[in-house]
Every structure is written in structure tokens, then in C-alpha cells.
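Trainee: Here it is: the structure, laid out below.
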Amino acid sequence: MADLVLTLLGPDGPGLVELVADVIAAHGGNWMESRMSHLAGKFAGILRADVPTDRIPAATAALHALESRGLRVIVEAAARAADDPAAHDMDLDLVGLDRPGIVREISQLLAVNGVNVEELTTDRVSAPMSAEMLFQVRAHVRVSPATDVAKLRAELERLASDLVVEVKLTPTAPG
């Protein structure tokens, strides 16, 4: 078995997930994990499937054939990475008035400190009292054992003050 990572994009409509699931199942694969969403009238998603190694070429061809149904699929074989047991997982939450550059500023600070963003979700929501647009970030990050977490927190607090946002960095709850 080998991991395939797929990126999906197409006009949103019923049955798109089923099309992909059918191809994976028809080639003896197993749907492992995914993130899919409706964004600006489009269906966008990423997923990881475990597929028998000898069936990868046929599965890839069948997935690419979904383009005739309006769904673009990019397929990449992925090596199973070794996990660094000394690294630790943390969650980063941010909320503040929306303005350009928030993700760039936060991601630069994380990269400089050796922090890998493993999952990132962002959204814009209306503030309860003022109806101003708030920008929310939820990230799951992997912190290198070489990272000084106290320094990272201090730098995040300084940046949060500059950006006028609230930011929290907390250890990921076990489970």
C-alpha cells in the first residue's frame, strides 16, 4: 500500500465526493483523511488515500479522467515521513479585525522559529456587536525541539499587539 495525496477543484455540486470515493474504492484503496470545502462557488479539497502500489497507475488515470466531469484532480505519491518524537504539537488561535497581511506575518514568524504549520483554517465572521469583519485563524503546528517556546510566545504576543489581534498558543490536548 502507498499513500496518495489528492488535490481536488471544480464547480460545486452534488456527487463530487462520491465520484472520487468510487474511484478510490474501485482500485482497492482506502480513504484515510480529507479536508473539503465550498469556497466561492467552487468545491476544493485535499485527501489522503491508501492504495495498493500495483494499482496506483490505474487509480491515477481514473482520477484524472474525472476532469471530463469538471473536477480537476492532482495526484501525488507520498512517502511516509518519519515522525520526530521530540517535536511537539501545539494549537494556535488568532482573532482580530480583518486586514491584509495577517497570515503572512504569522506564518513568517512561525517559519523563522522552526515551526511547521500542519493544518490551517481561516475564516471571516461578523463581530457580534459591531458587525465589523473579524478574521479567525486556527492552526495546528509542529514545534521543533530546538524552538524556544517562551521566545516564540513572546514574539507572537509582540506581533499580536502590532496587528491588534488576540493570539493563543497552547499545547495540543492528547487524544
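The values are calculated or read from the model by the stated rules, or taken from the named source; none is laboratory data. All figures in this text were calculated on a predicted structure; none of them were measured in a lab. All Cβ positions, glycine included, derive from the backbone under ideal geometry; neighbour counts span all protein chains shown.
Trainee: Filter region 13-31 down to the residues that are of a type outside the set (Phe, Trp, Tyr) and surrounded by 14 or more Cβ atoms within 10 Å (Cβ to Cβ) and list them by number.
Mentor: Answer for region 13-31, where residues must be of a type outside the set (Phe, Trp, Tyr) and surrounded by 14 or more Cβ atoms within 10 Å (Cβ to Cβ): LEU16, VAL17, LEU19, VAL20, ALA21, VAL23, ILE24, HIS27, GLY28, GLY29.
Trainee: Sort through VAL20, VAL95 and tell me the only one that's assigned by TED's automatic domain parsing to the domain that holds VAL115 and of a type in the set (A, V, I, L, M, F, W, C).
Mentor: Of the residues listed, the single one that is assigned by TED's automatic domain parsing to the domain that holds VAL115 and of a type in the set (A, V, I, L, M, F, W, C) is VAL95.
Trainee: Pairs needed: first member in region 114-126, loosely packed, with under 10 Cβ neighbours inside 10 Å; second member anywhere, in a strand (DSSP E or B) and among the aliphatic types (A, V, I, L, M); C-beta distance under 6 Å; at least 6 residues apart or different chains.
Mentor: What qualifies is ARG124/MET133.
Trainee: Applying the selection to region 32-48, what residues are surrounded by 12 or more Cβ atoms within 10 Å (Cβ to Cβ), farther than 18 Å from LEU120 by Cβ and out of contact with any Gly (no Cβ under 9 Å at 6 or more places or on another chain)?
Mentor: Answer for region 32-48, where residues must be surrounded by 12 or more Cβ atoms within 10 Å (Cβ to Cβ), farther than 18 Å from LEU120 by Cβ and out of contact with any Gly (no Cβ under 9 Å at 6 or more places or on another chain): just MET32.
Trainee: Can you tell me which residues in region 82-130 are more than 24 Å from ALA154 (Cβ to Cβ) and among the small types (Gly, Ala, Ser)?
Mentor: ALA82, SER126, ALA127, SER130 - these are the residues of region 82-130 that are more than 24 Å from ALA154 (Cβ to Cβ) and among the small types (Gly, Ala, Ser).
Trainee: Consider ILE46 against the criteria (1) farther than 30 Å from PRO145 by Cβ; (2) in contact (Cβ under 8 Å) with a residue 40 or more places away in the chain; (3) outside any helix (DSSP H, G or I); (4) out of contact with any helix residue (DSSP H, G or I) (no Cβ under 7 Å at 6 or more places or on another chain): it satisfies all of them except one. Which criterion is unmet?
Mentor: Status for ILE46: all satisfied but (1).
Trainee: Could you list all residues from region 62-95 that are under 26 Å from ALA173 (Cα atoms), at pLDDT 95 or above and not aliphatic (A, V, I, L, M)?
Mentor: Residues satisfying the conditions are ASP89, ASP91, ASP93.
Trainee: Moving on. Which residues, counting only those in region 25-43, are assigned to a strand (DSSP E or B) and closer than 21 Å to PRO11 by Cα?
Mentor: SER34, ARG35, MET36, SER37, HIS38, LEU39, LYS42, PHE43
Trainee: Please determine, by comparing only the residues of region 146-172 that are out of contact with any strand residue (DSSP E or B) (no Cβ under 8 Å at 6 or more places or on another chain) and in a loop (DSSP other than H, G, I, E, B), which one is nearest to LEU109 (Cα to Cα).
Mentor: ASP148
Trainee: Residue pairs, Cβ under 7 Å, 6 or more apart or interchain, first in region 60-88 and assigned to a loop (DSSP other than H, G, I, E, B), second at pLDDT below 95 and of a type in the set (Ser, Thr, Tyr). List them.
Mentor: ALA87/SER144
Trainee: Something else now. For region 57-74, name all the residues that are in contact with a strand residue (DSSP E or B) (Cβ under 8 Å, 6 or more places away or on another chain) and crowded, with 17+ Cβ neighbours inside 10 Å.
Mentor: Hits for region 57-74 are ALA59, THR60, LEU63, LEU66, LEU71, VAL73.
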